[in-house]
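Some notes on the structure that comes next.
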Amino acid sequence: MRLHRSARILASLVTLGFASVLFIAFETRGYVWLLQSDAQHFFGVALDPFGSGTTLASLPGVGTAYRYGRILYPLLAWGLALGQITWIPYTFPLVYLAGVWCLVAMTCDWCVSAGRPSWLGLAAVPVIGATLPHLLPEAWIAVLILWLYRCVLRGHDRTAYGVAVLLLLTRETAIFALAPLVLLALRDRQYRRVLAWSTTVLPLLLWYAWLRVRMGCWPFLDPGAAVNHPLDLPIRGFLAFAWLAPGTPLAAVALAAWLLLALATWVALRTRTLLGSGALAMALIVICFGPGQATMPFEACRLMIPMLIPLVLAILTRPRSLQQRREVVAL
């Protein structure tokens, strides 16, 4: 995929800034500070991606099989290190920074393609920068979502199917991003495409089967992950704290999640674009956030980043005319 020169330059400058922040955090707080939140679990998986999970600390809520289910991000660090464990502390930040570069380059290039200034794509920087200096995979998830939609809009179906496979191996809940594509194929009675999109989940299922044999349980049934109650019935969990805990930071985060849902719905209906529909589909995950997210409001905000970036980009690149909107809908 060819990216505009200005997009590459801006992405390089932003990545240099992120690298500086990581270096300062490392010098002042130590490497362990970079592995806060779920970064520590991804790092543990990267040390032995095909093992039995002994590299993960046996802490409540870790969920060994559950953590190994999201394999792509740590696998990239392991592959870049050529399987050498002593290199993982160096390759892990490099993979994170590569994700930042790809994300900024993608958003800036998308703006150029829509006839907007490339610097508008820098709107993604404060969103993904909210996780600094922790080495988390949200940038890669957003990159793969945008790459998936870019391939579909340009008619590169085979590449799109491959990107969908990578996306699901990065985070299984990103399957919501495929919903607009499946619905579009059903609307046009393209049943072969529906079948093709359905098969993109097979590599993930095969990986899950391997984990079932290797670790004795399925990732989505891991009792360790269930301790934190990450998911619940719609609205009953995290979103309910908007009125159950008034006047608290938790209520503010829950209200922000409601605002995200409302804004995504408005953008999807207003723009009628694949990007807007994808942002709404991803935002629907918030409805099933469980009470466990209430104990970690930062985690809830972090999980909303891959939803927010397509939403912001959909707003920035919305069609200016009815003719442009018809062209996008036709795609």
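Every read-out reported here was derived from the displayed coordinates using simple, explicitly stated rules and does not represent laboratory data. Keep in mind that this is a model prediction, so the values were computed, not measured. When we count neighbours, we look across all protein chains shown, and the Cβ atoms used for this are built from the backbone with ideal geometry, even at glycine.
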From the phi of every residue in region 156-168, what ³J(HN,Hα) in whole Hz does the Karplus formula 6.51 cos²θ - 1.76 cosθ + 1.60 yield, where θ is phi - 60° and glycine or proline is x?
8, 5, 4, 5, 4, 5, x, 5, 4, 4, 5, 4, 5
Efficiency by 1/(1 + (r/R0)^6): what FRET value for L132 and L183, r their Cβ-Cβ distance, R0 = 25 Å, to the nearest 0.05?
0.10
Which value at 222 nm does the chain reach when only helices count, each DSSP H run of 4 or more adding -39,500 (n - 2.57), with the total divided by all residues and rounded to the nearest 500 deg cm²/dmol?
-19500 deg cm²/dmol
Where does helix 274-283 land angle-wise versus the long Cα axis of the chain, in degrees 0 to 90, nearest 10?
40 degrees
Show me, for region 129-145, the HN-Hα J-couplings you get by feeding each phi into the Karplus relation (A = 6.51, B = -1.76, C = 1.60, θ = phi - 60°), rounded to Hz, glycine and proline as x.
x, 5, 8, 4, x, 7, 8, 9, x, 4, 4, 5, 5, 5, 4, 5, 5
Just one of (i) 19.6, 58; (ii) 23.3, 79; (iii) 22.3, 76 is Rg and Dmax of the Cα atoms in Å as worked out from the coordinates here. Which one is it?
(i)
Between region 1-44 and region 158-206, the alpha-carbon center distance in angstrom:
29 Å
Which ³J(HN,Hα) values, rounded to whole Hz and listed in residue order, are derived for region 35-43 from phi using the Karplus coefficients 6.51, -1.76 and 1.60 in 6.51 cos²θ - 1.76 cosθ + 1.60 with θ = phi - 60°, glycine and proline given as x?
9, 6, 6, 6, 4, 5, 6, 5, 5
Amide hydrogen neighbours beyond the local backbone of L132, cut-off 5 Å, H modeled
none
